[in-house]
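Just below is one structure, and these are the notes that go with it.
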Amino acid sequence: MALVKCSECTTEISDQAKACPKCGAPLEVSRRHISTKTGSPWLLVFGILGGLFLFAFLLTAIFDTKENIPVIKAAINYLDSQVIIANKEPVDLRDCFISIQQERSDTGIYRIHHVDIKLRESKILDAELFVNGDSERFNPYKYAPKLIMLECDTANGKRSGGRSFQ
């Protein structure tokens, strides 16, 4: 039960009363049936679903490690069967993992591990040094690289980058 003011004499009366006990003015029907509802039940359903969606999105953004690895600042080139990587980070790149994917992906990805690239240094690597899981060497004279990827440790954590060759 709530108290409302009479529209004639401004006396506070019960919202359940049909008329003002002081002046006898009838209480307006809209004041007698004050709704405590703030909106449609659909609004509540959509609000809860939207909140759950936002919560799931935030959890995915926080815990998705693929998205949390910053992009490395390095120039990656391929010229005359050599992979050329120029460090553009303000720190040394340590323990780099470099991979080549060739035009034909049926033989897999060729990798080389544990490469260090100092600050403002360029590293030139022969493509024939890269091997796949079957210990086969990359043949730069038979296929050109389709993609070269780089993942390194820095003083600021892991970083990755790559370059596609079409």
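None of the figures in this text is laboratory data; all of them are computed from the coordinates on show. Because the structure is a prediction, the values reported are computed rather than measured. As a convention, Cβ positions derive from the backbone with ideal geometry for all residues, glycine included, and neighbour counts pool all protein chains shown.
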What is the list of residues in region 149-166 whose amide nitrogen lies under 14 Å from a point 7 angstrom out from the Cα of residue 78, following Cα to Cβ? 149-150, 162-166
Measuring from the lowest to the highest alpha carbon on each principal axis, how far does region 95-161 reach, largest first, in angstroms? 37, 19, 19
Please arrange 59, 150, 27 by how many other C-beta atoms lie within 10 Å of their C-beta, fewest to most. 59, 27, 150
Size of charge dipole - region 68-164 - debye, nearest 20, with Cβ of Lys, Arg +1 and Asp, Glu -1, no other charges: 320
Run the quick spin-label model on residue 144 and residue 118: label points 7 Å from Cα toward the beta carbon, then report their separation in nm to one decimal. 3.4
If amide H atoms are modeled at 1.01 Å from N in the peptide plane, then the residues at a separation of 5 or more from residue 144, or on another chain, having amide H under 5 Å from its own are 103
Arrange the following residues from fewest to most other Cβ atoms within 10 Å of their Cβ: 141, 110. 141, 110
Determine the alpha carbon to alpha carbon distance for each of 88/142; 123/146; 73/118 and list only those over 24 Å. 88/142
Expressed in nm to one decimal, what extension gain is obtained for the pair residue 129 and residue 7 from 0.36 nm per residue of sequence separation less their Cα-Cα distance? 34.7 nm
